[in-house]
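A.B. asks: Dropping a structure here in structure tokens format, bear with me for questions.
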Amino acid sequence: SQQGEEDPQALSIQEGENATMNCSYKTSINNLQWYRQNSGRGLVHLILIRSNEREKHSGRLRVTLDTSKKSSSLLITASRAADTASYFCATGPGTQAGTALIFGKGTTLSVSS
Amino acid sequence: KAGVTQTPRYLIKTRGQQVTLSCSPISGHRSVSWYQQTPGQGLQFLFEYFSETQRNKGNFPGRFSGRQFSNSRSEMNVSTLELGDSALYLCASSLGGSGEETQYFGPGTRLLVL
């Protein structure tokens, strides 16, 4: 079953614009992660935010987490054509040991030049 | 350092057959997780192996099984294939298998069941 639900499902923007994707989840979490997938290939880890953090930056990426609303957002600033991909949020196993991630359905981002 | 490798990359099988997929983690990584990705269900966790032991299992039927070898390489097996098993199968490895570690994904094996 899916833990997270991304919104929007698809997003089309021009190069240079910002892209914002949202993720909602259902249960308590220890951390939330964002991954990128290019055209049906493997996933690439982008950023991890812990439940006690509200905001985190990595290069052109900015992630926020609101545990009271069980939601997170990923902002990509100054988008490039190379950012075209699907983006997924994923939550970890909580207090359970291990690496089982529960993914949302993803947002497909298309950046045109 | 070499990334996660998966073999084969593409596979075509017929209903009722069985299939074995292989995953070689990054050197030194002891945890390997498997995921199934389909257009309808998205990315779903299959199972995780750590030090040759299955540590977690997703909600999949017993036709899906796996194992891990002493060198951390992992295989997953699907018996009695069904059309709905057509999917991209991804494996991911991490160092110690903590929920806060970065997981490194392989390119996937695309399985088509006819």
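Since every read-out is calculated from the coordinates, none of them should be taken as a lab result. Computed from a predicted model, the values in this text were never measured in an experiment. Cβ sites come from the backbone with ideal geometry, for glycine too, and all protein chains shown count toward neighbours.
A.B. asks: Among all the lysines, which ones have a C-alpha under 26 Å from A:Lys26's C-alpha, if same-chain residues fewer than 8 places away are not counted?
C.D. replies: Output for A:Lys26: A:Lys56, A:Lys69, A:Lys70, A:Lys105, B:Lys57.
A.B. asks: Right, something else. Report, by chain and number, residues whose modeled amide H sits under 5 Å from the one on B:Gly66, excluding near sequence neighbours (fewer than 5 apart, same chain).
C.D. replies: Amide H neighbours of B:Gly66: B:Asn77.
A.B. asks: Now a separate question. Let's see if you can work this out: charge +1 on each Lys and Arg Cβ, -1 on each Asp and Glu Cβ, no other charges. What is the dipole magnitude of the range B:27-84 about its Cα centre, in debye to the nearest 20?
C.D. replies: Charge dipole of the range B:27-84: 120 debye, to the nearest 20.
A.B. asks: Follow-up question, since we're still on this one. What's log10 of I(q)/I(0) for the protein assembly as shown at q = 0.09, 0.13 Å⁻¹, Debye sum over Cα points only, no solvent?
C.D. replies: For the protein assembly as shown at q = 0.09, 0.13 Å⁻¹, log10 I(q)/I(0) is -0.36, -0.75.
A.B. asks: On a full-extension model of 0.36 nm per residue, what is the gain between B:Thr53 and B:Leu83, subtracting their alpha-carbon distance, rounded to one decimal in nm?
C.D. replies: Going from the current span to full extension adds 7.9 nm.
A.B. asks: Can I ask one more? Can you give the direction-averaged projected area of the convex hull of the alpha-carbon atoms in chain A, in nm²?
C.D. replies: Convex hull of Cα atoms, orientation-averaged projection: 6.7 nm².
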